[in-house]
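Student: Can you read through this structure? Questions will come right after.
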Amino acid sequence: MDKIMVHEDWWQTPLRAHVATFWRIQQRGKPLPPYTPTSGTLKAVVNHGRWVVECPNGCGDALCVSDAARYYICCNCGGKTWYHVAFPRDRQLIEAALMKRSAQHPFMNAPTRNWVVGETVKDLEAENALHPEAVVNRRG
């Protein structure tokens, strides 16, 4: 499956169960805090071909986000705060521009499939033109 990945493409476990498992491991058996979506919104970014959200506390944690369950809590630093996850309005255009870039595997070896908040589709297309060696089927 060659696409910009979300949780459901990678894991068979629903996001909440996946997060609960990692929470118990990282937080030494403590139960996952109840879901309370009152802490604000985090914006999803693309990292190596995966839609992810990064910990707002700066601990370095990131989670491959879900289309079905758009929320996040950091299992690494144990922030105990739930956030809503938002995809950009132009998600389909961003994905289309990134899918022009080559990848040996959709998310394990897709180092040029990246997008950050503030980067436009025009920016992505300009990068594609600047680095034709990274673009799939450039000639045809």
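The values are calculated or read from the model by the stated rules, or taken from the named source; none is laboratory data. On a predicted model such as this, the values are computed, not experimentally measured, just so you know. Cβ atoms come from the backbone with ideal geometry, glycine included; neighbour counts cover every protein chain shown.
Student: Would you confirm whether any residue within the range 108-119 is under 29 Å from residue 16 (Cβ atoms), among the small types (Gly, Ala, Ser), more than 14 Å from the chain's Cα centre (by Cα) and modelled with pLDDT under 90?
Tutor: Within the range 108-119, none of the residues are under 29 Å from residue 16 (Cβ atoms), among the small types (Gly, Ala, Ser), more than 14 Å from the chain's Cα centre (by Cα) and modelled with pLDDT under 90.
Student: Another question, then. Can you tell me which residue within the range 11-52, out of those that are basic (Lys, Arg) and assigned to a loop (DSSP other than H, G, I, E, B), is surrounded by the fewest Cβ atoms within 10 Å (Cβ to Cβ)?
Tutor: Of everything passing the filter in the range 11-52, 28 is surrounded by the fewest Cβ atoms within 10 Å (Cβ to Cβ).
Student: Condition check: over 18 Å from residue 17 (Cβ atoms), at pLDDT below 95, in a loop (DSSP other than H, G, I, E, B) and of a type in the set (A, V, I, L, M). Does residue 103 satisfy that?
Tutor: Yes.
Student: Check the range 55-71 and report whether any residue there is more than 30 Å from residue 131 (Cβ to Cβ), of a type in the set (Phe, Trp, Tyr) and either at pLDDT below 90 or in contact with a Leu (Cβ under 8 Å, 6 or more places away or on another chain) (or both).
Tutor: Yes; the residues of the range 55-71 include at least one that is more than 30 Å from residue 131 (Cβ to Cβ), of a type in the set (Phe, Trp, Tyr) and either at pLDDT below 90 or in contact with a Leu (Cβ under 8 Å, 6 or more places away or on another chain) (or both).
Student: Residue pairs, Cβ under 7 Å, 6 or more apart or interchain, first in the range 70-90 and surrounded by fewer than 19 Cβ atoms within 10 Å (Cβ to Cβ), second among the acidic types (Asp, Glu) and in a loop (DSSP other than H, G, I, E, B). List them.
Tutor: 76/61; 77/61
Student: Quick check, is residue 45 touching a helix residue (DSSP H, G or I) at 6+ places or on another chain (Cβ under 7 Å) and β-branched (Val, Ile, Thr)?
Tutor: no
Student: Counting only residues that are surrounded by fewer than 19 Cβ atoms within 10 Å (Cβ to Cβ) and closer than 15 Å to residue 45 by Cα, how many does the range 100-115 have?
Tutor: Looking only at that region, the number is 3.
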